[in-house]
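Read through the structure below, which is laid out as structure tokens, and then see the notes.
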Amino acid sequence: MMPLFLTDSGQIFIPTAKYIWDQLLTAYPLILRHLDIESSYQVFERLWKAGEQQGKIVYDELIQAHKEHLIRERGKGEYAFAARRKTIMRIGLKQVRSHRLKLLDQEERYFYEELERKAKALPEMVPVLIARVEEGTNG
């Protein structure tokens, strides 16, 4: 989640965004009005651009963490397949070993195909809620 608070003048306040998000999760907001379609579209466009700019850091961090995770998974897989291959080579008849190695090769191929598929996954920005916060009266 990346809460975003954008003022009418274009300033971004992340701590304010996090506070408002927390409040929305714990209290029921008072809805005063809805924006018309054109105003909603304009607000959405402004927020989308600000989200892309602000989210660049988050996006880069997610991509880096994902790459590191895949590297660890690849290393674990390589170790596991090598250990299993070594065990298979020590036990059983030649035909049984051959069959088990064939199954292991298929499993290994599938494992690396899955890693390749996971490497193509990218984070995406999906608006969950867009709300306008206005000064109100407490009375």
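The values are calculated or read from the model by the stated rules, or taken from the named source; none is laboratory data. Here the structure is a predicted model, which is why all the values come from computation and not from measurement. Positions of Cβ are generated from backbone atoms using ideal geometry, with glycine treated the same way; all protein chains shown enter the neighbour counts. Only protein heavy atoms, including side chains, enter the accessible area calculation; ligands, DNA and RNA are left aside. Shrake-Rupley method; radii C 1.70, N 1.55, O 1.52, S 1.80 Å.
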Q) Ignoring ligands, DNA and RNA, what percent of the accessible area of the chain is carbon or sulfur (1.4 Å)? A) 57
Q: Quick one: go through the stretch 1-40 and flag any residue whose amide nitrogen is under 15 Å from the point 7 Å out along the Cα-to-Cβ line of Arg46.
A: 4-13, 35-40
**Q.** Gain upon complete extension [Lys102, Glu135; 0.36 nm per residue less C-alpha separation]
**A.** 5.0 nm
(Q) If I stretch the segment between Phe81 and Lys94 completely, what's the gain in nm (0.36 nm per residue apart, minus their alpha carbon distance), one decimal? (A) 2.8 nm
Q: Using only Cα atoms, find the angle between the long axis of helix 94-119 and the longest principal axis of the chain, and express it within 0 to 90 degrees, rounded to the nearest 10.
A: 20
Q: Would you mind checking the pairs Lys94/Lys118; Lys49/Lys120; Lys67/Lys94 and listing those with alpha carbons more than 30 angstrom apart?
A: Lys94/Lys118; Lys67/Lys94
Q) What percent do you get for the relative contact order of the chain when only Cα pairs under 8 Å and 6+ apart count? A) 20
Q. Under a point spin-label approximation (7 Å from Cα along Cα-to-Cβ), what is the Lys67-Ile14 distance to one decimal in nm?
A. 2.1
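Per residue, how much accessible surface does the stretch 2-109 expose to a 1.4 Å probe? Answer in Å², no decimals.
Computed with neighbouring chains in place, this is 80 Å² per residue.
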Q) Hey, could you pull the Cα Rg and Dmax for the stretch 1-80, both in Å? A) 18.6, 60
